[in-house]
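The values are calculated or read from the model by the stated rules, or taken from the named source; none is laboratory data. The structure presented is a predicted model; accordingly, all values stated were derived computationally and were not measured. We place every Cβ from the backbone using ideal geometry, glycine too, and count neighbours over all the protein chains shown.
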Amino acid sequence: MADSDAVALSTIAVHRDDWTNLPPELAALVAPPVTVTAMPFERPVGSWRRGQLARSRGNMPVGKHQRGAR
């Protein structure tokens, strides 16, 4: 698979914050707080695909299947 064909399954974001509860002298001695978030990558659904999904949902039974009496 070529590099341009790769698909990411999740996104990871790293945010660097500042120390607000430490004096500047102490904040300079320690690493800044870092927040890391990860979430599934979701591709936007186009209008054609949205219509296709709606049509297929109309053909699917909703709820529990009832078994007939024996």
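So here's what we get for this one:
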item	result
Output for region 29-50, where each listed residue is part of a strand (DSSP E or B) and either touching a residue at least 40 places away in the same chain (Cβ under 8 Å) or of a type in the set (A, V, I, L, M) (or both)	VAL34, VAL36, ALA38, MET39
From the options ARG67, ARG16, ARG49, residue that is loosely packed, with under 10 Cβ neighbours inside 10 Å, basic (Lys, Arg) and modelled with pLDDT of 80 or more	ARG16
